[in-house]
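What follows is a set of notes on a single structure, which appears directly below.
The values are calculated or read from the model by the stated rules, or taken from the named source; none is laboratory data. Computed from a prediction, not measured in an experiment: that's the story for all the values here. Neighbour counts are summed over all protein chains in view; Cβ atoms, including those assigned to glycine, are modelled from backbone coordinates with ideal geometry.
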Amino acid sequence: MVANIGGNALVLGGSIAGLLAARVLSDRYATVTIVERDHLPTAAEQRRGVPHGQHVHGMLPGGLAVIERLMPGFTAEVTAGGGLTGDILANVRWYLNGKPLRRTTTGLIALSASRPLLEGTIRDRVRALPNIKILDGYDVTGLITSDEGDRITGATVAGRDDGASRAVPADLVVDATGRGSRTPRWLAELGYEQPSADRVAIGLAYTSCLVAVPDEIFGDDLIIVTPRFPGQRRSSVMQRLEGGRVLITLAGVLGERPPVTHDELPGYAETLATPDTYDVLRAAKPLGEPVTYRFPAYIRHRYDQLGRFPAGLLVAGDATCAFNPVYGQGMSVAAMNAAALGDELSHGGEPDPYRYFQSVAQVLETPWRLAVGADLALPGVTGPALSESPLTPDYLRRLQLAGTEDADLAAVLLRVTGLVDPPRTLLRPDIVERVERRQVATKV
Ligand SMILES: Cc1cc2nc3c(=O)[nH]c(=O)nc-3n(C[C@H](O)[C@H](O)[C@H](O)COP(=O)(O)OP(=O)(O)OC[C@H]3O[C@@H](n4cnc5c(N)ncnc54)[C@H](O)[C@@H]3O)c2cc1C
């Protein structure tokens, strides 16, 4: 049994990374205060501080398993709220390289729900913890330091409604304010080195719309994924949500922008490798106007490489690394990040930022390699080169193609991209041999 650390932990940002970090901190600190600039809704509603909540949010099975460990019964609560569950291969249509993956039951859960429902369910669980305090409607404006400047001792906040400033003292501050995190700037102001940033310029654009479609279009499927593949810049994901709605996200990279009106969306969808998105859009009844999101680049801040860092401060979630959203990794990585924080706290005593950031770097390693490796294979995308790996884009593509004929291979692939199994699984001799065997038949 590890002793409690006691005192107050302060979490900046009350979205998924902040809430999950708070859940873990509540085991060890006497109180945990979450500061959030939005007035947080009591129901599962879209809110201003999370504009991405209007776009498709896929939950990877690896991330779901971690959330379930942190909050037993989470999946059941999401389904009680109207979310849908199925199998990630038996109930999801995956069109990799324009061809459907062969179906089988994997035993891995696909959870399909709106981002507001997922976040709202996590928020309700965190709110119910006795030592959690939520300070919503407050903007974090800065960090408070010790006189020597080597320790963070809290944060300053300003009320959104009245602008009044106040100090919130804390024994530990966790920055989970997302992609706009100001920690790099604050570090510089305090005389610390800023973390270097690995930046992948992808030029991603999303248009999403909520629609109603006849049930038979999806059949038993929950999600239909049409990713871009070599030579393509367009993609789509469609997911069934609570309330009988369907959310469609059309995407483009490197300056390719999906249109923004209902009338134009089918024309874009018609150019995708498979007709499913076009068919759904043609049958769809709009439930609101399309919304857009631009994501010029994704960034990983290398806190793990810093030699000097103040005590009493950690960074979590998108504030550390915001992924290309098309791979659906962000929420899962936020959960794994929270689990790494829990491990750090279990050492006893106050967390060691150096050890914590090394653990987070380990969490990031696989999703970062999967995303960056796939994106850098697209001419025009720029970013930091990855170290050599036998898992080349060419092998991965051959594996994907083999998965269109061999359901076991498809399942093995989805276990890795779903962050359940490590990538080295894909290089097991029996897997390599099966991929080679399928190669002739699937050559394109
Ligand atoms: C378009 C898009 C699509 C995505 N799709 C997926 C997907 O399919 N699957 C997936 O797993 N992930 C997806 N993600 C990523 C996912 O949303 C995030 O990784 C996840 O929400 C964790 O983010 P976070 O909590 O670190 O930050 P955010 O969700 O960005 O939250 C930051 C929070 O901090 C608050 N805040 C910010 N600044 C301040 C301040 N100064 N004071 C007080 N509060 C502040 C904000 O209001 C917000 O609540 C997507 C992201 C985008 C942009």
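Things to note:
- Cβ-Cβ under 8 Å pairs, at least 6 apart or on other chains, segment 95-122 side among the acidic types (Asp, Glu), far side outside any loop (DSSP other than H, G, I, E, B): Glu119/Ile16; Glu119/Leu19; Glu119/Gly53
- Residue in segment 411-432 that is in a loop (DSSP other than H, G, I, E, B) and among the aliphatic types (A, V, I, L, M) present: yes
- Filtered by the rule that a residue be part of a loop (DSSP other than H, G, I, E, B) and touching a Phe, Trp or Tyr at 6+ places or on another chain (Cβ under 6 Å), segment 326-379 gives a lone residue, Gln329.
- Tabulated pairs, segment 25-40, first under 16 Å from Gly13 (Cα atoms) and of a type in the set (Lys, Arg), second within 16 Å of the ligand (Cβ to nearest atom) and in a loop (DSSP other than H, G, I, E, B), C-beta under 7 angstrom, 6+ apart or interchain: Arg37/Gly49; Arg37/Arg160
- Screening Pro61 with (1) more than 12 Å from the ligand (Cβ to nearest atom); (2) touching a Leu at 6+ places or on another chain (Cβ under 8 Å); (3) over 19 Å from Gly244 (Cα atoms) gives one miss only, at (1).
- Filter result (in contact (Cβ under 8 Å) with a residue 24 or more places away in the chain and closer than 18 Å to Ala197 by Cβ) within segment 364-412: Leu364, Pro367, Trp368, Arg369, Ala371, Val372, Asp375, Leu376, Val381, Thr382, Gly383, Pro384
- Evaluating Ala44 against the criteria (1) more than 29 Å from Gly348 (Cβ to Cβ); (2) near the ligand (Cβ under 8 Å from one of its atoms); (3) touching a residue at least 60 places away in the same chain (Cβ under 8 Å) leaves one unmet condition, (2).
Residues are listed down the side, and each one gets a yes or a no for (1) assigned by TED's automatic domain parsing to the domain that holds Pro230; (2) within 16 Å of the ligand (Cβ to nearest atom):
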{"residue": "Gly13", "(1), (2)": "no, yes"}
{"residue": "Ser26", "(1), (2)": "no, no"}
{"residue": "Ala30", "(1), (2)": "no, no"}
{"residue": "His39", "(1), (2)": "no, yes"}
{"residue": "Ile67", "(1), (2)": "no, yes"}
{"residue": "Leu96", "(1), (2)": "yes, no"}
{"residue": "Pro100", "(1), (2)": "yes, no"}
{"residue": "Thr105", "(1), (2)": "yes, no"}
{"residue": "Ile109", "(1), (2)": "yes, yes"}
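- The set of residues from segment 167-186 being away from the ligand (no atom under 11 Å from the Cβ) and free of Cβ contacts under 8 Å to residues at least 12 places away in the same chain comprises just one member, Arg185.
- For beta carbons closer than 6 Å, sequence separation of 6+ or different chains, a first residue in segment 276-305 that is within 16 Å of the ligand (Cβ to nearest atom) and a second that is assigned to a loop (DSSP other than H, G, I, E, B), the qualifying pairs are Pro290/Val260; Thr292/Val260; Tyr293/His55; Tyr298/Phe323; Tyr298/Asn324; His301/Pro195; His301/Thr320; Tyr303/Pro195.
- For segment 165-210, the candidate set comprises residues that are among the polar types (S, T, N, Q) and assigned to a loop (DSSP other than H, G, I, E, B); within that set, the residue that is surrounded by the most Cβ atoms within 10 Å (Cβ to Cβ) is Thr177.
- Answer residue from segment 310-325, given it is within 24 Å of Leu111 (Cα to Cα) and in a loop (DSSP other than H, G, I, E, B) and is farthest from the ligand (Cβ to nearest atom) among those: Asn324
- Residue check, Asp124 under 26 Å from Gly81 (Cα atoms) and out of contact with any helix residue (DSSP H, G or I) (no Cβ under 6 Å at 6 or more places or on another chain): yes
- Restricting Gly73, Gly49, Gly58, Gly82 to those that are of a type outside the set (A, V, I, L, M) and crowded, with 21+ Cβ neighbours inside 10 Å reduces the list to Gly58.
- Of the criteria (1) closer than 19 Å to Val333 by Cα; (2) away from the ligand (no atom under 13 Å from the Cβ); (3) not in a loop (DSSP other than H, G, I, E, B), which one Leu20 fails: (2)
- Members of segment 211-233 that are of a type outside the set (A, V, I, L, M, F, W, C) and surrounded by fewer than 20 Cβ atoms within 10 Å (Cβ to Cβ): Pro214, Asp215, Glu216, Gly219, Asp220, Asp221, Pro230, Gly231, Gln232, Arg233
- Any hit, segment 295-305, residues being modelled with pLDDT of 95 or more, assigned to a loop (DSSP other than H, G, I, E, B) and among the hydrophobic types (A, V, I, L, M, F, W, C): no
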